[in-house]
Amino acid sequence: MNLDEIIRNKITENNNFIGFDEFMSMALYYPGKGYYSNGSKKFGRDGDFITAPETSDLFGFCIAKQCKQILDSFPYILEFGAGNGTLACQILFYLAKHNQLPKYYYIVELSADLKDRQRKLIEKVLPEVLDRIIWLNELPNEFEGVVIANEVIDAIPAKRIKKMGGKFQEQGVCIKDDSLEYAFSSLNINLDDYSIPDSLEEGYTTEVNIQARGWIHSVYSMMKRGVVLIIDYGMDRDTFYHPQRVEGTLRCYSQHKATENPFENIGTQDITTSVNFSDLADASKEAGFNIEGYCTQAMFLISLGIQEFLSEEKDSDQKISYAQEIKQLILPSAMGESFKVLALKKDFHGALVCFKEQNLIDKIL
């Protein structure tokens, strides 16, 4: 039975309606058939999208510089959803070069396929650190150190809601004329926690991510001491609920092409929603975290000295390559402005270097 049939059966069993978050969860994570578990190539130029680590090693080197500051106090790193393992390799390469490898580098990965790809890449490029890597299927009971979540929150299934008759209804999925279509049901969650503007017009569609808020609370419960770095594309609440964003932030990606139709290519295209960083900040404060800072990816990388890698490079060809890669990472027209960084602290003292040039924390609080 293919994934489309499995989802249809689920809808039928549930009186011809499931929430969009449940549909998104099955489309992305259904064992052996969902997008992230079916073995297809996802990352890089031959996949469906390019993440910052695939764009340049300098991205990982900069994160490693920030980790280095924290590793002085806590000798562990934990990465959520490590993709094909590129970022882990970049971080570990830099830290090995500077004689500050973590005692262990944990990777929380649910996909057996991606776990296998990560292991093979690390074995190929950094076999000497393989004994420091520990793969986990769930959060450890206790952790202290650096937690890294790069492009993780955008892939957490979100609920979609639409303003109808003056109040928000849940937008879910049904079967109509043998096709998957949007359907609506009364909303059974309290929207007071999300500070959605009352002024939004009739028909306005957006997302709320209950599971992302739950993820924050789970990470706080796990952490004894340390720092959480969340890097993702998203925005503050005012921008997220901008009056012109009437269709929400849902996007689907296949072969580097973006669409807004999640019912095509089910299981073979990525489905994402932008991150509401104000919501994450609210959940973080509620959980007990101290919010250290919030900034654009560009200023995060500049604060960590990404240009220094360019000035220190002696090889002229590599220097040209680095210059092009840095543009992709920091220019507003590329990744520099659309991606943001949020840092959370628990029982860690000292200002993080990554906010030296910019801290927009007031925009999300």
Check: Can you find a residue in region 300-311 that is at pLDDT 95 or above and either part of a strand (DSSP E or B) or within 21 Å of residue 25 (Cα to Cα) (or both)?
Finding: no
Margin query: Scan region 239-248 and tell me whether some residue there is among the hydroxyl-bearing types (Ser, Thr, Tyr), surrounded by 22 or more Cβ atoms within 10 Å (Cβ to Cβ) and in contact with a Leu (Cβ under 8 Å, 6 or more places away or on another chain).
Written below: no
Note to self: Looking only at region 77-87, filter to residues that are under 15 Å from residue 66 (Cβ atoms) and of a type outside the set (Asp, Glu); which one of those is farthest from the chain's Cα centre (by Cα)?
What the structure shows: 77
Notebook entry, point to check: Name the pairs whose Cβ atoms lie under 6 Å apart, with the first residue in region 187-206 and on the phi < 0 side of the Ramachandran plot, the second open to solvent by 40 Å² or more (accessible area, probe 1.4 Å) and not in a loop (DSSP other than H, G, I, E, B), and 6 or more positions between them or separate chains?
Noted result: 205/162
Item checked: Filtered residue count, region 131-144, keeping only those that are open to solvent by 40 Å² or more (accessible area, probe 1.4 Å) and outside any strand (DSSP E or B) -> 7
Checklist line | Odd one out for residue 236, checked against (1) surrounded by 18 or more Cβ atoms within 10 Å (Cβ to Cβ); (2) at pLDDT 95 or above; (3) out of contact with any Lys or Arg (no Cβ under 7 Å at 6 or more places or on another chain); (4) not basic (Lys, Arg) | finding: (3)
Item checked: Condition broken by residue 279, with the remaining ones in (1) closer than 26 Å to residue 54 by Cα; (2) within 15 Å of the chain's Cα centre (by Cα) satisfied -> (1)
Note to self: Restricting to region 347-359, name every residue that is closer than 15 Å to residue 290 by Cα and either open to solvent by 50 Å² or more (accessible area, probe 1.4 Å) or of a type in the set (S, T, N, Q) (or both).
What the structure shows: 347, 349, 351, 359
Notebook entry, point to check: How many residues does region 154-168 contain that are free of Cβ contacts under 8 Å to residues at least 60 places away in the same chain, open to solvent by less than 50 Å² (accessible area, probe 1.4 Å), in a strand (DSSP E or B) and within 18 Å of residue 24 (Cα to Cα)?
Noted result: 1
Checklist line | Pairs where the first residue, in region 223-250, is under 21 Å from residue 270 (Cα atoms) and the second is basic (Lys, Arg) and crowded, with 22+ Cβ neighbours inside 10 Å, C-beta under 6 Å, 6+ apart | finding: 234/340
Next item on the list: Select from region 317-350 the residues that are without any contact (Cβ under 8 Å) to a residue 12 or more places away in the chain and assigned to a loop (DSSP other than H, G, I, E, B) and write down the one among them that is farthest from residue 153 (Cα to Cα).
Entry: 349
Check: If we scan region 280-296, do we find a residue that is farther than 25 Å from residue 20 by Cα and of a type in the set (S, T, N, Q)?
Finding: yes
Next item on the list: Could you look through region 266-294, keep only residues that are in a loop (DSSP other than H, G, I, E, B) and surrounded by fewer than 18 Cβ atoms within 10 Å (Cβ to Cβ), and pick out the one that is modelled with the highest pLDDT?
Entry: 288
Item checked: Criterion (buried (at least 18 other Cβ atoms within 10 Å of the Cβ), touching a residue at least 12 places away in the same chain (Cβ under 8 Å) and under 30 Å from residue 180 (Cβ atoms)) met by exactly one of 80, 59 -> 80
Next item on the list: Test residue 216 against the criterion of being surrounded by fewer than 19 Cβ atoms within 10 Å (Cβ to Cβ) and of a type outside the set (Ser, Thr, Tyr), and give yes or no.
Entry: no
Next item on the list: Return the total of residues in region 211-253 being within 23 Å of residue 64 (Cα to Cα) and in a helix (DSSP H, G or I).
Entry: 4
Next item on the list: Would you point out which residue out of 180, 191, 187 is closer than 29 Å to residue 13 by Cα, of a type in the set (A, V, I, L, M), in contact with a strand residue (DSSP E or B) (Cβ under 8 Å, 6 or more places away or on another chain) and surrounded by fewer than 14 Cβ atoms within 10 Å (Cβ to Cβ)?
Entry: 191
Notebook entry, point to check: Which pairs do you get when a residue that is within 17 Å of residue 63 (Cβ to Cβ), found in region 301-316, comes within reach of a residue that is open to solvent by 80 Å² or more (accessible area, probe 1.4 Å) and at pLDDT 90 or above, reach meaning Cβ atoms under 8 angstrom, with the pair 6+ apart or on two chains?
Noted result: 302/357; 303/356; 303/357
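The values are calculated or read from the model by the stated rules, or taken from the named source; none is laboratory data. Worth saying up front: this structure is predicted, and the values here are computed from it rather than measured. No Cβ is skipped: glycine too gets one built from the backbone with ideal geometry, and neighbour counts run over all protein chains shown. Side chains are part of the model used for accessible areas, which takes the heavy atoms of the whole protein and leaves out ligands, DNA and RNA. Shrake-Rupley method; radii C 1.70, N 1.55, O 1.52, S 1.80 Å.
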